[in-house]
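A short worksheet on the structure shown next.
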Amino acid sequence: MKREREWRRRHKKKRKHVVRSDIWKKFDKVVEDSIQKGKCKLCGNTICADPKNNGTSAMWKHHASWLKKNEAEKNKTPLSQDELRQDIQERGRYALCRMIVLDEQPFRLVEREGFRLFCRDMLPSFNIPSRYTRCVAHILNLVVEDGMKQIGMTVVRVREAVKWIKGSSTRSKAFKDIAKAAMPYELVMKLFSDVTPQFGRDLRNLKHNDLTVGVPGEEDWIEVRKMCSFLQSFYAMTRLVSGTTYATSYSFLMEMCDIFLIIKRLEDDEDAEIRYMAKKMMEKLGKY
């Protein structure tokens, strides 16, 4: 009797699993990485459908979402000729900018005969944009100018001090000897004098009527110390995008992202004046 039960247990046929849910009419069973999934017959997406872990709820949700989306597409009002032309123009401009950045092409690409013939044959309605663009270096200068205005008197005091020191070789030598032990003298002179073309303009515009500006105080030097590394990023980027012997239309992208992140970090600075300055600079950057 015991042997008979053992024999029946070994030779017992496994009952075939019967699919009960109607959702399987909309999905095909597939196995990926030893996991059972359902492949949608309508869109081809795969949804986890392991009977022990997932069940069929995810497939039901996917199917309902697809039906809703498809219904919305059917009821969508077709674009008019003018709207369609505008949509093509906007998407074409975006695709062209992306190509210039990814393929490291100069802006003059849009003026080349081969490119213009290609666009004319492929999409005659696309109006090729002009190569004229806003100067990135000029935009950076305006952004810095807005930020520097927030600490205007600090800049004025340091500038006047630099002019006074450089006005005499004796004072200049004495200052160099003292400054060598504290911080790089050349960096200070380079950042806050009128020698640098791009940042000279905003410094020259910071005029004042008070002849008794005074010497930079402790608070002024704290502000200067914060601004030195910050302005250095702008200076490096200005040099990069002002090149004349290489294409600059693509090279500014990563630098501009870095500038954006730097200003974002300054918006969370402990100093209220720095936060306010960063806010103004971000507003100016967003404008362009």
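The values are calculated or read from the model by the stated rules, or taken from the named source; none is laboratory data. The model shown is predicted, which means the values in this text are computed figures rather than measured ones. As a convention, Cβ positions derive from the backbone with ideal geometry for all residues, glycine included, and neighbour counts pool all protein chains shown.
Brief remarks follow.
- Candidate set from the range 164-182 (those that are closer than 20 Å to CYS228 by Cα and without any contact (Cβ under 8 Å) to a residue 12 or more places away in the chain); member that is surrounded by the fewest Cβ atoms within 10 Å (Cβ to Cβ): ALA181
- Just one of the numbered conditions (1) closer than 18 Å to MET281 by Cα; (2) at pLDDT below 75 is not true of LYS207: (1).
- When TYR235, TYR250, TYR246, TYR276 are checked against the criterion of being of a type in the set (Phe, Trp, Tyr), part of a helix (DSSP H, G or I), farther than 30 Å from ARG171 by Cα and at pLDDT 55 or above, a single residue qualifies: TYR276.
- The range 30-71 - residue that is charged (D, E, K, R) and under 36 Å from the mean Cα position of the chain (by Cα) and, of those, modelled with the lowest pLDDT: GLU71
- Count of the range 102-112 residues, restricted to those that are farther than 12 Å from ILE128 by Cα and either exposed (fewer than 15 other Cβ atoms within 10 Å of the Cβ) or in the same structural domain as MET256 (by TED's automatic domain parsing) (or both), is 3.
- For the range 21-40, a residue qualifies if it is part of a loop (DSSP other than H, G, I, E, B) and either surrounded by 12 or more Cβ atoms within 10 Å (Cβ to Cβ) or outside the structural domain of ASN70 (by TED's automatic domain parsing) (or both), and the qualifying residues are SER21, LYS26.
- Some residue of the range 76-86 being modelled with pLDDT of 75 or more, of a type in the set (A, V, I, L, M) and closer than 28 Å to LEU123 by Cβ: yes
- Which numbered condition LEU96 misses (of (1) crowded, with 17+ Cβ neighbours inside 10 Å; (2) under 22 Å from GLY286 (Cα atoms); (3) at pLDDT below 80): (3)
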